[in-house]
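The values are calculated or read from the model by the stated rules, or taken from the named source; none is laboratory data. Every value quoted in this text rests on a predicted model; they were computed, and no experiment measured them. Note that we place each Cβ from the backbone using ideal geometry, even for glycine, and neighbour counts take in every protein chain shown.
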Amino acid sequence: MNKGVASGDIGDLSTAEQCYDKALSLDPNYSDACYNKAELFLKQERFEDSIPYYDRSLEINPNDFSALYGRGTAYLNIAMRKRDKQESNESDLQEALTSFDKALNTAIKLNPQQEINLYNNRGVALYMLGREEEALECSDHILAINPQSTRGLYLKNMCTGKPLFKGINDPEFFKGWLEDIAEK
């Protein structure tokens with residue numbers, strides 16, 4: 001398992017996958033191996049492949065914030081790909097929303113630092129479902145935490161269609177954007 005993590009960190013994704021497979025063959029209930037394999041697939045943009053491993057990880061540990069967040073992110077990316085291909089994506093968006101909602105309940109207790117990320121992704125999923133009012137509530141929540149949050153401002157802009165900032169030529173926006181990236 002440690003070799004899998006180290007291999008993934010240096011970009012040897014094939015070896016990482018083999019290590020996670022080995023760990024799961026020894027113990028199919030090893031939630032960290034399930035989660036790490038799901039994250040590996042997410043990193044490779046193999047979103048559909050990641051879902052069963054997030055699901056298995058959550059069967060073992062239902063309140064795992066990281067697995068809930070990763071699962072929601074995978075479904076959101078699947079939905080965005082389908083949207084780009086003009087395919088139906090509502091069920092994927094609903095799955096993303098369910099995962100983000102569960103992660104929010106967990107995050108508030110265990111990991112309040114992730115609140116902005118969760119509300120942002122939840123808001124995007126709601127917006128894509130045509131639920132702009134609820135998405136706007138997410139942006140308002142983000143901006144209540146950090147009024148300079150570019151994610152909150154961008155989400156609000158999507159929902160209202162009103163430009164709320166000048167863009168990267170505005171020094172204050174650029175500074176906030178850099179701070180947001182540094183938080184990730």
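Numbers below:
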item	result
Any chance residue 77 is out of contact with any strand residue (DSSP E or B) (no Cβ under 9 Å at 6 or more places or on another chain) and at pLDDT 90 or above	yes
Within segment 24-47, tally of residues that are under 13 Å from residue 60 (Cβ atoms) and of a type in the set (A, V, I, L, M, F, W, C)	4
Qualifying positions in segment 1-14 - assigned to a helix (DSSP H, G or I) and within 30 Å of residue 82 (Cβ to Cβ)	8, 13, 14
Residue 17 outside any helix (DSSP H, G or I) and without any contact (Cβ under 8 Å) to a residue 40 or more places away in the chain	no
Every residue from segment 82-101 that is over 19 Å from residue 134 (Cα atoms) and surrounded by 15 or more Cβ atoms within 10 Å (Cβ to Cβ)	82
Hits in segment 1-26 - residues which are over 25 Å from the mean Cα position of the chain (by Cα) and either closer than 13 Å to residue 43 by Cα or loosely packed, with under 11 Cβ neighbours inside 10 Å (or both)	25, 26
